[in-house]
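The values are calculated or read from the model by the stated rules, or taken from the named source; none is laboratory data. No experiment lies behind these values; they were computed from the predicted model shown. Every residue, glycine among them, receives a Cβ derived from its backbone with ideal geometry; neighbour counts consider all protein chains shown.
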Amino acid sequence: MSTRHDAIVVGARCAGAPTAMLLAREGHRVLVVDRATFPSDTVSTHVIQPIGVAALARWGLLDRLAETGCPPVHTYTYDFGPLKIEGRPGSGDTAVAYCARRTILDELLVAAAAEAGAEIREAFIVDDLVVEDGRACGIKGHTKGGRSVTEHADVVIGADGWHSIVAEAVGADTYRQTPPLLAAYYSYWSGLPIEGRFEIYIRPGRGFAAAPTHDGLTVVIGGWPHAEFEANKSDVEGNFDRMLDLAPEFAERVRGAERETRFAGAILPGYFRKPYGPGWVLVGDAGYLKDSITAQGIVDAFRDAERCATALHEVFSGARAFEDAMADYHRDRDRHVLPMYELTCQLATLAPPPPDIQRLLTAMQGDQAAQDGFVQANAGTISPAAFFSPDNIGAILSKLRQ
Ligand SMILES: Cc1cc2nc3c(=O)[nH]c(=O)nc-3n(C[C@H](O)[C@H](O)[C@H](O)COP(=O)(O)OP(=O)(O)OC[C@H]3O[C@@H](n4cnc5c(N)ncnc54)[C@H](O)[C@@H]3O)c2cc1C
C-alpha cells in the first residue's frame, strides 16, 4: 500500500524542484519524480536573470550557487552594429545575473527540495496519470526495467517541460500559440574571457550572444530564422562561424578560443496552456513556452514555482478553494508574462528594429538611465510594456530633439 501524498511533482528541474521545496517547507508531503538522474545536463543555455537570482536569494540558495564558482554578470551589451546599448540588468537586491550550468543549478535545486523533506525519485518515468471521476489523483510510472508503480496524491503538478505528459493526459487547453521562429545552437568555449558581461549581437536575420559560466568557460549561443533551419542544418558549424563574421571583433576573439563541446540546438514553438484543472496544475515550460532569445525560461519557472506553491499551501491548509486559488495563479501568470511573450516573439523574428526603435536606440546614446531601462526591460527586471510605452519612448526621444 503506497502513501498518499499531498502533491506529486513530475519533473525535478527549474520548475519542479523549487515547487516541491516550497511545499515541503510548509510541511506538505511531496513526492518528486524525474526520468533524469542528477547531476545531469539538459538542452538549454542558462542565464538566470536578476529576478531569478533574487528568488534564489529569498529561498536561501544564492550563497550555495555563488560557492560553486559561478561568476556574476553585471553588464549586458546589445550590439546592433552601428549602435550599442550597454547597461545594468538590475539594481539594488536584484543587481546581477548568473549563467549557471544546468548540471550544477538543477542538482542544487533537487538537493534543496530533498533537504526540505520532499521525497525524490530519480530515473522514474511517468507513463500516465490516474484519473478518477474526472479528477487527476495520481501517477503511473516505472523505473528502467522495473514494474509499473502507482502513486496517489491530492494534486499532480506537471513540471515536466514542453512535452509534458501531465498536460497531454489532462488535455490542457492551449492558446496564443506561435510557430517556431528561430533555430538556436550553442556550445562552450575556453580561452574566451568575458568577465561579468552578457554580450548580445543583433544583425538582420542573425542573433548571437556570449556569457561567462562555470569552470572558466563561456557559452556562445546564436541562430537564424526557422525558415533557414532545413537549408543550414547539415552545416551548423560553418553557418555559425560565418554568422560571427557579422561582428568581426567578436569573431576574432572566438577564433582565438577553443571550442570544448559539440553544438547543441533547439527549436521552440510558443504557447500558453491553462495551468490547472481538477486535481492537476502546470508549472514552468509545461504551462507556458516561448523562444529562448530573451532567456526567461528559468525565471518564469521560478515564478511559477513560488506562486503555485503559495496557492497550493492556501488550498491544503483550507484557507481557499482550489478553483479560486488556481484561477488567481493562472491570471497572475498571464498578466505578468504577456508583455515579455510579445517582445520575445518580435525579437525572435530577427527582423531589423523598426524605425521607431532605431530612433530610440539613437536617442539613448549617452543616456545611461535609458540604456539601463532598455537592458532591464529585455532582462525582465522591469516590464517591457512599461519601458516601450509611448510615454516613455516619447520622453527619451524628446531629449534627442532638445
Ligand atoms: C537552446 C535553449 C536555450 C535556453 N536558454 C535559456 C537561458 O539562457 N535562460 C533561461 O532562463 N532559459 C533558457 N531556456 C529555457 C529553459 O531551458 C526552460 O525554460 C527551463 O528549463 C524550463 O524548466 P522546466 O523545469 O519547466 O522544464 P525542464 O527543464 O524541461 O524539466 C522538465 C523535467 O521533466 C522531466 N520529465 C519529462 N517528462 C517526464 C516523464 N514522463 N516522467 C518523468 N520525468 C519527466 C524531464 O526529465 C526534465 O528533467 C533555454 C531553452 C533552450 C532550448
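Of everything listed in (1) surrounded by 14 or more Cβ atoms within 10 Å (Cβ to Cβ); (2) within 26 Å of the chain's Cα centre (by Cα); (3) over 30 Å from Arg135 (Cα atoms), the single unmet condition for Lys274 is (3).
Every residue, every condition in (1) farther than 30 Å from Gly380 by Cβ; (2) away from the ligand (no atom under 14 Å from the Cβ); (3) among the β-branched types (Val, Ile, Thr); (4) crowded, with 20+ Cβ neighbours inside 10 Å, yes or no:
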| site | (1), (2), (3), (4) |
| --- | --- |
| Cys99 | no, no, no, yes |
| Glu107 | no, no, no, no |
| Arg121 | yes, no, no, no |
| Val126 | yes, no, yes, yes |
| His142 | yes, no, no, no |
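Taken over region 173-201, the residue count meeting the criterion of being of a type outside the set (Lys, Arg), within 16 Å of the ligand (Cβ to nearest atom), touching a Pro at 6+ places or on another chain (Cβ under 9 Å) and part of a strand (DSSP E or B) is 4. Of the strands (runs of 3 or more DSSP E) lying entirely inside region 97-166, none contains at least 3 residues that are more than 18 Å from Val283 (Cβ to Cβ) and of a type in the set (Phe, Trp, Tyr).
Scanning region 348-390 for residues that are loosely packed, with under 14 Cβ neighbours inside 10 Å, at pLDDT 95 or above and among the charged types (D, E, K, R) gives no hits.
For (1) touching a strand residue (DSSP E or B) at 6+ places or on another chain (Cβ under 8 Å); (2) in a helix (DSSP H, G or I); (3) within 19 Å of Ile48 (Cβ to Cβ), each residue gets a yes or a no:
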site	(1), (2), (3)
Phe302	no, yes, yes
Glu314	no, yes, no
Met326	yes, yes, no
Arg335	no, yes, no
Glu342	no, yes, no
Pro352	no, no, no
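Consider region 150-172 and keep the residues that are more than 23 Å from the chain's Cα centre (by Cα) and of a type outside the set (D, E, K, R). The one that is nearest to the ligand (Cβ to nearest atom) is Ala169.
Considered as a group, the residues in region 150-163 that are among the β-branched types (Val, Ile, Thr) and crowded, with 16+ Cβ neighbours inside 10 Å include one that is farthest from Pro269 (Cα to Cα), and that residue is Val155.
Among the residues of region 8-54 satisfying the criterion of being within 26 Å of Arg197 (Cα to Cα), in contact with a helix residue (DSSP H, G or I) (Cβ under 6 Å, 6 or more places away or on another chain) and in a helix (DSSP H, G or I), which is farthest from the ligand (Cβ to nearest atom)? Per the criteria, the residue is Ile51.
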